[in-house]
Amino acid sequence: MSFGDKIFHFLLYSLLTFLWFNTFLFNFNYKEKKAITYAAIISIVFGIVVEVLQEILTVYRTMDIYDVMANTSGVLVTVLVIVLIKNIDVKKI
């Protein structure tokens, strides 16, 4: 297992979540709670779908549960950072 690969997954999904958050917040004018919730759900689901499709559709790539964990960790850390910076009230999400 390559830890460099997992760090790349973590960083990539952190960026993906941040971009989705900003898209929902500024382009669709969602409230911050809704924007962060949608950004997190879409990013996590996307990561899982990509891993499953790698297993199903290719013969040279396989699903890696550690990639899913790295992806999800990147999403959750980014959500935490955004919540702390924006002071979003998490209790009502």
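The values are calculated or read from the model by the stated rules, or taken from the named source; none is laboratory data. Keep in mind it's a predicted model, so treat the numbers as computed, not measured. Here Cβ is always computed from backbone atoms with ideal geometry, including for glycine, and neighbour counts include all displayed protein chains. These area figures cover heavy atoms from the full protein model, side chains too; ligands, DNA and RNA do not enter into them. Shrake-Rupley method; radii C 1.70, N 1.55, O 1.52, S 1.80 Å.
Considering only the stretch 79-89, I want to know if a residue exists there that is in a loop (DSSP other than H, G, I, E, B), surrounded by 14 or more Cβ atoms within 10 Å (Cβ to Cβ) and not hydrophobic (A, V, I, L, M, F, W, C). No, that holds for no residue. Among the residues of the stretch 42-59 satisfying the criterion of being part of a helix (DSSP H, G or I) and among the polar types (S, T, N, Q), which is least open to solvent (accessible area, probe 1.4 Å)? Ranking the qualifying residues of the stretch 42-59, first place goes to Ser43. Within the stretch 63-72, which residues are open to solvent by less than 70 Å² (accessible area, probe 1.4 Å) and over 10 Å from Gly47 (Cβ atoms)? Listed by number, the list holds a single entry, Asp64.
Residue pairs whose Cβ atoms lie under 8 Å apart, separated by 6 or more positions or on different chains, with the first residue in the stretch 1-28 and touching a residue at least 60 places away in the same chain (Cβ under 8 Å) and assigned to a helix (DSSP H, G or I) and the second acidic (Asp, Glu) and surrounded by 13 or more Cβ atoms within 10 Å (Cβ to Cβ), are Asp5/Asp67; Lys6/Asp67; His9/Asp67. Flag not set for Ala39, criterion: open to solvent by less than 20 Å² (accessible area, probe 1.4 Å) and in contact with a Leu (Cβ under 6 Å, 6 or more places away or on another chain).
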